[in-house]
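The values are calculated or read from the model by the stated rules, or taken from the named source; none is laboratory data. Since the model is a prediction, treat every value here as computed from it, not as a measurement. Here the Cβ positions follow ideal geometry from the backbone for every residue, glycine too, while neighbour counts run over all protein chains shown. Heads up: the accessible areas ignore ligands, DNA and RNA and are worked out on the full protein's heavy atoms, side chains in. Shrake-Rupley method; radii C 1.70, N 1.55, O 1.52, S 1.80 Å.
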Amino acid sequence: MSKAPLMPVEDALDQLLGMAHEQRLADSELLALDDARGRMLASDLVATLDLPPWPNSAMDGYALNLTDLHRQPLKVSQKVYAGLAPDTLLPGTCARIFTGAPLPPGATCVEMQENVEVLEDGRVRFLQPLKAGQNIRAQGQENRLGDILLRAGKRLGPFELAVAAGQGLAQLHVVRRPRVALLSTGDELVEPGQPLRPGSIYNSNRVLLGHWLRELGCEVIDAGILPDRPAQTRLKLEQLQVSADLILTTGGVSAGDADCLGQVLRDSGKPLLWKLAIKPGKPLTVGHFGTVPVIGLPGNPTSALVTFGLLARPYLLRIQGVEDVMPLSFTVNAGFDWHKAGSRREYLRVKLEAGRAVLYPNQSSGVLLGATWADGLVEIPENSTHNLGDPLRFIPFNELF
């Protein structure tokens with residue numbers, strides 16, 4: 001009996017994003033700007049005013065009407081500071097004005113103070129040619145009342161929050177946090193701080209994924225470590241589906257006798273995809289238990305890192321309303337030869353040195369230390385070989401995080 005072909009990465013991502021569209025979160029909450037960093041905007045941010053609200057000076061200098069230039073030197077009829085409302089400019093005069101101050105009605109340009117001669121009697125002579133609108137920030141230069149400034153699904157960072165503050169908004173509606181149950185599986189796992197048993201290893205995936213989920217705006221339900229027992233796996237999934245929007249697991253998804261999650265999903269759940277043409281991370285499993293999506297990541301740390309970053313991360317962003325879920329990437333030159341054409345798309349940990357991607361010496365899927373050394377991943381397409389200097393797609397880790 002022939003084996004089923006491995007699913008291409010793009011097909012798996014399409015299916016995950018399709019599932020995410022159906023699971024998109026509808027609930028929102030109102031948060032103060034100071035509490036909203038990292039959250040996803042629930043509805044379009046619409047401008048509440050013109051910005052700037054009135055024409056203002058881009059320079060410290062003198063405001064005047066160009067039609068009065070022939071009458072110079074001009075008397076200074078007022079001083080205009082930021083935060084004060086100016087008087088209408090008197091004909092045949094100019095106004096001393098400071099950066100950000102409203103333009104006096106009747107003024108048509110501003111000359112910077114460096115290009116002005118102040119005479120002993122206080123009148124002003126202009127030394128350079130002037131034109132209408134010079135050094136004036138027009139009303140609505142940044143935005144007009146009613147403009148859509150930020151689209152729903154935008155992740156709120158310092159820039160976005162400052163834009164909201166500039167519109168006078170103290171609170172924003174954000175998508176509620178996805179509730180993700182994080183479950184580690186495997187008899188061999190021990191939590192940090194506990195003594196190691198013979199044949200056991202410490203559970204690093206829970207720490208990696210827990211922090212990563214919180215960076216993506218999720219609420220993490222720590223479901224602990226589950227032994228390799230199908231009945232206990234089924235019972236745990238039944239318990240978690242009550243409170244979680246997603247069950248995220250590590251381990252237990254390959255074809256071994258002790259790999260229970262995939263077995264339970266195939267027997268009691270609704271599997272969507274299993275086994276990808278990706279390295280590391282081939283045994284990724286996705287499906288539903290009841291109505292709750294389940295993403296089963298491989299247990300090896302780098303396999304979990306790669307599949308979470310490239311597949312689970314886009315899913316989690318999409319259910320929060322983000323449309324552009326793919327990480328930015330760019331082309332770099334290979335700093336190595338790669339003569340092992342494989343049937344799976346491969347992601348290698350690399351550091352950028354002098355414009356070239358240099359390989360971490362040990363690319364084993366069980367080695368996590370390389371991620372602390374590397375700047376990101378290079379993509380080796382299926383059935384391809386590469387020579388030193390060939391262009392490759394590079395995905396920075398800071399994009400994935």
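Taking region 161-197 as the search range and keeping residues that are among the small types (Gly, Ala, Ser) and without any contact (Cβ under 8 Å) to a residue 12 or more places away in the chain, which one is most open to solvent (accessible area, probe 1.4 Å)? Break it down into steps so the answer makes sense when it comes.
Within region 161-197, the first condition is being among the small types (Gly, Ala, Ser), and the residues that meet it are 162, 164-166, 168, 170, 181, 184, 186, 193.
Now narrow it down to the ones that are without any contact (Cβ under 8 Å) to a residue 12 or more places away in the chain: 162, 193.
Numbers: 162: 62, 193: 78 Å².
Out of the qualifying residues, it is 193.
Looking at (1) more than 17 Å from residue 205 (Cα to Cα); (2) in contact with a helix residue (DSSP H, G or I) (Cβ under 7 Å, 6 or more places away or on another chain); (3) at pLDDT 90 or above; (4) not polar (S, T, N, Q), find the lone condition where residue 296 falls short.
It fails just one condition, (1).
Are there any pairs, at least 6 apart or on different chains, whose C-beta atoms fall under 9 Å, with the first in region 10-22 and open to solvent by 90 Å² or more (accessible area, probe 1.4 Å) and the second at pLDDT 95 or above, and if so, which?
Here the result reads 21/318; 21/319, each pair linking region 10-22 to a residue that is at pLDDT 95 or above.
For region 5-37: of the residues being over 22 Å from residue 293 (Cβ atoms) and not charged (D, E, K, R), which is farthest from the chain's Cα centre (by Cα)?
Per the criteria, the residue is 5.
Considering each of 306, 350 in turn, give the residue that is without any contact (Cβ under 8 Å) to a residue 60 or more places away in the chain and closer than 18 Å to residue 280 by Cβ. If you could, list the steps in order and put the result at the bottom.
Details: 306 fails: without any contact (Cβ under 8 Å) to a residue 60 or more places away in the chain.
Only one candidate passes the filter, namely 350.
Being open to solvent by less than 30 Å² (accessible area, probe 1.4 Å), among the charged types (D, E, K, R), touching a residue at least 12 places away in the same chain (Cβ under 8 Å) and not in a loop (DSSP other than H, G, I, E, B): is that true of residue 379 here?
Answer is yes for this residue.
Which residues, counting only those in region 14-54, are closer than 30 Å to residue 345 by Cβ, outside any loop (DSSP other than H, G, I, E, B) and in contact with a helix residue (DSSP H, G or I) (Cβ under 6 Å, 6 or more places away or on another chain)?
16, 17, 20
So in region 263-300, with the set limited to residues that are open to solvent by 40 Å² or more (accessible area, probe 1.4 Å) and part of a strand (DSSP E or B), which one is nearest to residue 378 (Cα to Cα)?
279
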